[in-house]
Amino acid sequence: MRHIFVFILIVFSIIICEENNLLGQSLHSDASNLKTISLEVLLSEAPHKLNELAKKHLFSEPDKAVVYAEAALKVAVERNDKEEEAKGWYNLGNALNMLNQNEKALKAYREALKLKIYTNDKELLAKIFNNMGVVNAKIEKYYDAIEYYKKSLNIKYQLNDTAGIAGTLANMGNIYFLWGKYKEAFQYQQKALYLYEMIDNQQGIAACMNHLGTIYENWNDFKSALNYYNTALELQKNINDYKGVANTLNNLGNLLNKMNFYEEALVKYEQAIEINTKENNLKGVASSLNNIGTIYTKLGNYNLARKYYSQALS
């Protein structure tokens, strides 16, 4: 079963102006989506405040983030504020990214790039390229993803952004993994791990350990994979990274399943389900339920297998 771990560095805006209607009909600008937000109040705010609100709501309420980003863009255009307009497109791209509106997210990022001549914000430019890499990875355009990550990486080297460099190197490693180029994936994860250790970024270290575990697993070096997963798990527990813990538990379950340690695998999956349920990570829950179904299928218990497959689909 293929592991997909894109270590995403995300920071995320639809303009409702006829003269720049790149994205066509707005997804979120009708009255029903503005129940809790007064459009008049929104458009009276400074664009930088609206952009900050878009960022604030990105992960918890991406729909609302789109609304704030749209408003930021409209106000920025009216005030000819190119810098905030660029940030608005960037925030829109991120919100659409979160909503899996991938092609529209890429269009928004491209609009942000058109405005780069009006801003000296190299950090923003690096993030745009990085997130364009993220979206291209999601739609399996791996070559394009790598090219965008390289552009992001070059800027981050200029900025001496060690954490950012490490994150992009890890992203590139993930792309090579998805591409089936495990040697390159290993090399990039090792580079990222070295930098994360240098700045003592525990979450980054754990993520790289997890990714290295998947690479060793695909090389059928199960002993090394187990060691990396367990190291990642301990680090994630120490920093209360619950989503990371659940992800690693699921990976351990997959590995133990491959090793025919079914009882131990089931325990890991159940632990992952418990955490993901608390974190409201429905995709994570579904993944573990599906994995439990595969074990019962292998054991010939088809009634239980159907039960878990059904729960995963629901």
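With both labels modelled 7 Å from their Cα along Cα-to-Cβ, the Glu279 to Lys49 distance reads 3.5 nm.
If you take the Cα centroid of segment 252-284 and the Cα centroid of segment 135-180, the two points sit 29 Å apart. The charge dipole of the chain, taken about its Cα centre with unit charges on the Cβ of Lys, Arg, Asp and Glu (plus for the first two, minus for the last two), comes to roughly 720 debye. Extending 7 Å from Cα along the Cβ direction at Asn160 and again at Phe261 yields two label points whose distance is 4.6 nm.
What pairs in Lys122/Lys283; Lys107/Lys283; Lys55/Lys138; Lys183/Lys243; Lys141/Lys223; Lys191/Lys258 have C-alpha atoms more than 23 Å from each other?
Numbers: Lys122/Lys283 35 Å; Lys107/Lys283 27 Å; Lys55/Lys138 21 Å; Lys183/Lys243 27 Å; Lys141/Lys223 32 Å; Lys191/Lys258 28 Å.
Long pairs (Cα-Cα over 23 Å): Lys122/Lys283; Lys107/Lys283; Lys183/Lys243; Lys141/Lys223; Lys191/Lys258.
Seen from Asp121, the other residues with C-beta closer than 10 Å to its C-beta sum to a net charge of +2, counting Lys and Arg as +1 and Asp and Glu as -1.
Using a/c under 1.5 as the rounded threshold, could you call segment 126-274 rounded, prolate or oblate? The axes a ≥ b ≥ c are square roots of the C-alpha gyration tensor eigenvalues, and prolate needs a/b larger than b/c, oblate otherwise.
Numbers: a/c = 2.08, a/b = 1.64, b/c = 1.27.
It is prolate, given that a/c is not under 1.5 and a/b is the larger ratio.
Over segment 89-206, the reciprocal of the mean inverse Cα-Cα separation, the Kirkwood hydrodynamic radius, stands at 14.5 Å. Count neighbours as other Cβ atoms within 10 Å of each site's Cβ, and list the GluC sites (Glu not before Pro) in segment 83-140 that are DSSP loop with at most 13 such neighbours. Within segment 83-140, the qualifying GluC sites (Glu not before Pro) (loop, at most 13 other Cβ atoms within 10 Å) are Glu140.
Rounded, prolate or oblate: which fits segment 55-142 when a ≥ b ≥ c are the square roots of the eigenvalues of the alpha-carbon gyration tensor, with rounded for a/c under 1.5 and prolate only if a/b beats b/c? In terms of gyration-tensor shape, oblate.
Evaluated with a Cβ-only charge set (Lys, Arg +1; Asp, Glu -1), segment 156-314 carries a dipole of roughly 480 debye about its Cα centre, given to the nearest 20. Rounded to the nearest angstrom and listed largest first, the equivalent-ellipsoid semi-axes of segment 187-314 from its Cα gyration tensor are 28, 17, 10.
Compute, for segment 69-121, the length of the dipole vector about the Cα centre, with Cβ point charges of +1 (Lys, Arg) and -1 (Asp, Glu) only. Units Debye, rounded to 20.
On the way: 9 positive and 9 negative charges, 35 e Å.
Result for segment 69-121 is approximately 160 debye, rounded to the nearest 20.
Computed from the coordinates by the stated procedures, all read-outs in this text should not be read as laboratory data. Since the structure is predicted, the reported quantities are computational estimates derived from the model, not experimental observations. For neighbour counting, all protein chains shown are included, and Cβ atoms are generated from backbone atoms with ideal geometry for every residue, glycine included.
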